[in-house]
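Below: the structure, in structure tokens.
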Amino acid sequence: MPRITAARVIVTCPGRNFVTLKIETDEGVYGLGDATLNGRELAVASYLADHVAPCLIGRDAHRIEDVWQYLYKGAYWRRGPVTMAAIAAVDTALWDIKGKIANLPVYQLLGGASREGCMVYGHANGRDVEETLDDARRHVEQGYKAVRLQSGVPGLAATYGVAKHGQRYEPADGDLPTESLWSTSKYLRSAPALFEAGREALGWDVHLLHDVHHRLTPIEAARLGKDMEPYRLFWIEDAVPAENQANFRLIRQHTTTPLAVGEVFNSIWDAKQLIEEQLIDYIRATVVHAGGITHLKRLASFAAIHNVRTGCHGATDLSPVCMAAALHFGLSVANFGIQELMPHTAETDAVFPHGYSFADGLMHPGDGPGLGVDIDETLAARYEYKRAYLPVNRLEDGTVWDW
Ligand code: CS2
Ligand code: MG
């Protein structure tokens with residue numbers, strides 16, 4: 001059996017920070033896991049290097065479930081984004097090792113392919129409706145079957161999901177948190193109009209999605225869901241903060257617009273009530289933040305018995321290692337819904353060469369052994385960590401609000 005001989009944390013910043021765990025074995029096979037937590041990267045790097053790595057040396061790399069339970073129950077202090085991202089990285093790396101030794105792509109170890117490819121949605125955004133729809137048309141021309149629309153809000157200088165003019169969208173934009181202003185009333189007046197124009201311009205054969213990004217109260221989200229009903233959205237995402245899962249009962253009572261939540265979730269417990277009461281339609285938790293492939297499979301199986309499908313997070317602050325793992329998971333899982341795709345920069349792709357590919361609106365992880373992704377450590381070493389925070393959001397009266 002392959003014994004773990006080293007577990008090294010690699011922090012690199014090809015345009016934005018990524019944390020990668022590399023687990024090496026005495027059979028010369030190594031595996032990779034993404035451990036990136038946007039804005040708190042070094043916390044996970046230390047959790048792995050200082051607290052987890054010493055416990056892994058000498059262990060059987062094939063014992064994925066045992067290592068998962070050891071790291072989850074053995075920590076005593078369970079759950080939370082840092083702990084679960086660290087466990088995720090170990091879990092993902094061990095699946096990578098198992099696939100390489102078996103000479104099979106990870107999706108074959110998860111039960112094989114359940115579909116030809118994973119439908120993905122792209123991000124169209126703009127300072128106003130027209131710019132946003134121009135970007136959406138470009139996505140449709142590239143073959144996307146699903147597009148998320150995020151537009152500037154009249155009366156607000158900037159808002160979530162809209163890139164600064166001519167730049168790629170990267171929310172971790174300051175050495176200390178930048179601050180942004182929010183107005184729910186201005187937003188609620190403008191969002192439905194974006195989708196009315198979207199259907200007019202793009203027709204009905206493309207799925208349209210929208211990310212509210214945790215900013216409404218339940219009754220405001222109910223209002224938005226009703227206003228969006230004529231435009232048949234694939235989902236509205238993160239309509240309200242989800243610490244209180246019962247929040248979604250009120251939204252559910254008022255609207256049939258499908259609801260997605262969970263990119264900030266790190267364990268099944270964050271979504272138990274949401275799923276059991278069918279308060280949502282898609283669960284967004286993904287490999288890097290929710291305990292790895294092992295835990296995500298458990299979450300997806302639980303969701304499946306309650307008609308909830310997967311809609312894994314896939315922003316550029318999740319590395320290509322996570323994207324590769326999510327695609328192996330998505331290709332195989334029965335209740336797959338959709339996969340988010342924000343393409344990484346060429347710089348990032350050079351650091352993380354990979355076998356996944358996009359064609360005709362679908363992504364496939366490739367058939368290379370393991371995850372089919374690597375890290376060029378020489379290139380990675382050229383990009384030093386650069387502290388960067390996610391923004392802090394305030395209402396126009398100065399009240400701190402959800403970003
Ligand atoms: C967003 C993310 O992709 C999404 O749905 O919610 O871009 C999110 O803002 C970032 O991942 C935060 O790091
Ligand atoms: Mg989101």
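The values are calculated or read from the model by the stated rules, or taken from the named source; none is laboratory data. Keep in mind the model is a prediction, meaning the values are calculated, not measured. As a convention, Cβ positions derive from the backbone with ideal geometry for all residues, glycine included, and neighbour counts pool all protein chains shown. Just so you know, the surface numbers come from the protein's heavy atoms only, side chains and all, with ligands and any DNA or RNA stripped out. Shrake-Rupley method; radii C 1.70, N 1.55, O 1.52, S 1.80 Å.
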(message) Residues that are within 16 Å of ligand 2 (Cβ to nearest atom), in the same structural domain as Val120 (by TED's automatic domain parsing) and within 18 Å of Ala303 (Cα to Cα): does segment 342-363 have at least one?
(response) no
Q. Assigned to a helix (DSSP H, G or I) and either under 21 Å from Tyr169 (Cβ atoms) or open to solvent by 50 Å² or more (accessible area, probe 1.4 Å) (or both), is that true of Thr294?
A. no
Taking segment 155-197 and keeping only residues that are within 16 Å of ligand 2 (Cβ to nearest atom), aliphatic (A, V, I, L, M) and more than 19 Å from Val400 (Cα to Cα), one is left with Val162, Ala163, Ala191
Of the residues in segment 268-291 that are within 14 Å of ligand 2 (Cβ to nearest atom) and outside any loop (DSSP other than H, G, I, E, B), the one that is surrounded by the most Cβ atoms within 10 Å (Cβ to Cβ) is Ile283
request  = Please work out if Asp205 is at pLDDT 95 or above, acidic (Asp, Glu) and in contact with a Pro (Cβ under 8 Å, 6 or more places away or on another chain).
outcome  = no
Residues in segment 204-232 that are open to solvent by less than 30 Å² (accessible area, probe 1.4 Å), outside any helix (DSSP H, G or I) and either within 14 Å of ligand 2 (Cβ to nearest atom) or farther than 13 Å from Leu194 by Cα (or both) total 9
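Give segment 39-58 a look and list any residue that's crowded, with 20+ Cβ neighbours inside 10 Å and of a type outside the set (Val, Ile, Thr), or say none.
Taking segment 39-58 first, the residues crowded, with 20+ Cβ neighbours inside 10 Å are 41, 44-45, 47-48, 52, 56.
Across segment 39-58, the qualifying residues are Glu41, Ala45, Tyr47, Leu48, Leu56.
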Scanning segment 72-88 for residues that are hydrophobic (A, V, I, L, M, F, W, C) and in contact with a Leu (Cβ under 9 Å, 6 or more places away or on another chain), the one most open to solvent (accessible area, probe 1.4 Å) turns out to be Val82
Per the filter on segment 367-403, residues within 30 Å of Ser183 (Cβ to Cβ) and either at pLDDT below 95 or surrounded by 16 or more Cβ atoms within 10 Å (Cβ to Cβ) (or both) are Ala388, Tyr389, Leu390, Pro391, Asn393, Trp401, Trp403
Residue hits (segment 334-372; touching a Pro at 6+ places or on another chain (Cβ under 6 Å) and under 30 Å from His306 (Cβ atoms)) are Tyr356
Only unsatisfied item for His364, checking (1) away from ligand 1 (no atom under 15 Å from the Cβ); (2) buried (at least 16 other Cβ atoms within 10 Å of the Cβ); (3) farther than 27 Å from Tyr282 by Cα, is (3)
(1) assigned to a helix (DSSP H, G or I); (2) within 14 Å of ligand 1 (Cβ to nearest atom) all hold for Phe265 apart from (1)
What about Arg298, is it touching a helix residue (DSSP H, G or I) at 6+ places or on another chain (Cβ under 7 Å) and either in the same structural domain as Gly80 (by TED's automatic domain parsing) or charged (D, E, K, R) (or both)? yes
Flagged in segment 268-294 as away from ligand 1 (no atom under 16 Å from the Cβ) and under 15 Å from the mean Cα position of the chain (by Cα), in numbering order, are Gly291, Gly292, Ile293
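May I ask you to verify whether Phe358 is more than 16 Å from ligand 1 (Cβ to nearest atom), under 21 Å from Ala124 (Cα atoms) and either outside any strand (DSSP E or B) or hydrophobic (A, V, I, L, M, F, W, C) (or both)?
Details: more than 16 Å from ligand 1 (Cβ to nearest atom): yes; under 21 Å from Ala124 (Cα atoms): yes; either outside any strand (DSSP E or B) or hydrophobic (A, V, I, L, M, F, W, C) (or both): yes.
Yes.
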Within segment 22-38, the residues that are open to solvent by 10 Å² or more (accessible area, probe 1.4 Å) and either touching a Cys at 6+ places or on another chain (Cβ under 8 Å) or on the phi > 0 side of the Ramachandran plot (or both) are Gly28
All-but-one check, Gly330 against (1) within 16 Å of ligand 1 (Cβ to nearest atom); (2) out of contact with any Ser or Thr (no Cβ under 6 Å at 6 or more places or on another chain); (3) part of a loop (DSSP other than H, G, I, E, B), failing number (3)
